[in-house]
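Report on the structure given below.
The values are calculated or read from the model by the stated rules, or taken from the named source; none is laboratory data. For clarity, every value in this text was computed on a predicted model and none was experimentally measured. All Cβ positions, glycine included, derive from the backbone under ideal geometry; neighbour counts span all protein chains shown.
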Amino acid sequence: MTTTPQPLLQASSVTMRFGGLTAVDSVDLTVGAGEIVGLIGPNGAGKTTFFNCLTGLYVPTEGEVRFDGAVLPPRPAKVTRAGIARTFQNIRLFANMTALENVMVGRHTRTGAGLFSAIGRGPRYRREERESQERGRELLSFVGLDKEAGQLSRNLSYGAQRRLEIARALASEPRLLLLDEPTAGMNPQETRETEELVHAVRDQGIAVLVIEHDMRFIMNLCDRVAVLVQGSKLIEGAPAAVQADERVVEAYLGAPDDEEDLTTDWMNQEKAV
Ligand SMILES: Nc1ncnc2c1ncn2[C@@H]1O[C@H](COP(=O)(O)OP(=O)(O)OP(=O)(O)O)[C@@H](O)[C@H]1O
């Protein structure tokens, strides 16, 4: 008898309400180990709110999220320690810290030196600091920023800052990486590089869940795509099937009668290669 392996992430009937507004409505989603899953949907569909439910930023009003079989702890730091890391829609780097320092900050959930050791700069602190630096440099090299290690993050190009955010997220040694619109504002070349980088992340055995509006990016990248519309999951499946589904096209373009209010981000943001 064969048994289906337990998914790494399992969100069951996740609902998030803000007062009278149901931003996420009973959404089920799984991500398997080493899988790349896309989450798409028109503006305001509830994608970021759902992400926030997966990272301990919000505790769902109803439903539960399990990671590796255990219910997710209700605090972002604990979720990171459990093995989920994320990037945000808007860049959140420490502008006046170097690229290397930014990555080292991302590692602190994995280093165990306590307050007294840090104040006294004892041997354990110094060893961990050295290891953090080494790992930080490896990660910068992994995302193609080895030469920028000593530069202040605010002086890096936009594409480099986004890659640095991914390096910082990877510094916590996640098993699942959540990316919120990683290619927003990128040119086609930067978008292609991000696609290669996410594939390389997966090749390290890390699962990825990605929110994105750029359909070409999603199609090239993902094993599976789920579509959220007005807080509910409309469909889920292989990228080509999802893209061809009439309900998805309608959700983005509106029914024929509301063609004046098109929400066409997805179509418009598809970038020429
Ligand atoms: N903290 C909050 N309090 C109240 N309402 C919120 C809050 N966060 C999100 N919402 C509402 O929930 C709905 C879903 O928003 P959300 O940002 O999750 O959508 P989204 O799919 O990520 O959109 P976008 O693609 O534009 O980023 C929207 O109507 C939004 O106004």
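Testing LEU72 on (1) modelled with pLDDT of 95 or more; (2) buried (at least 22 other Cβ atoms within 10 Å of the Cβ), one condition comes back false. Which one is that?
Evaluating LEU72 over (1) modelled with pLDDT of 95 or more; (2) buried (at least 22 other Cβ atoms within 10 Å of the Cβ) leaves (1) as the failure.
Which of the residues that make up the range 39-48 are within 8 Å of the ligand (Cβ to nearest atom) and crowded, with 23+ Cβ neighbours inside 10 Å? Before you say what the answer is, go through the steps one by one.
Residues of the range 39-48 within 8 Å of the ligand (Cβ to nearest atom): 41-48.
Residues satisfying the conditions are GLY41, ALA45, GLY46, LYS47.
PRO182 is checked against (1) buried (at least 18 other Cβ atoms within 10 Å of the Cβ); (2) within 16 Å of the ligand (Cβ to nearest atom); (3) at pLDDT 95 or above and fails just one. What number does that condition carry?
The failed condition is (3).
On the basis of being part of a loop (DSSP other than H, G, I, E, B), at pLDDT below 95 and within 23 Å of LYS78 (Cα to Cα), does ALA113 make the cut?
Values: part of a loop (DSSP other than H, G, I, E, B): yes; at pLDDT below 95: yes; within 23 Å of LYS78 (Cα to Cα): yes.
Judged against the criteria, ALA113 is a match.
How many of the residues in the range 4-38 are closer than 17 Å to ILE218 by Cα and within 7 Å of the ligand (Cβ to nearest atom)?
Of the residues in that region, 0 qualify.
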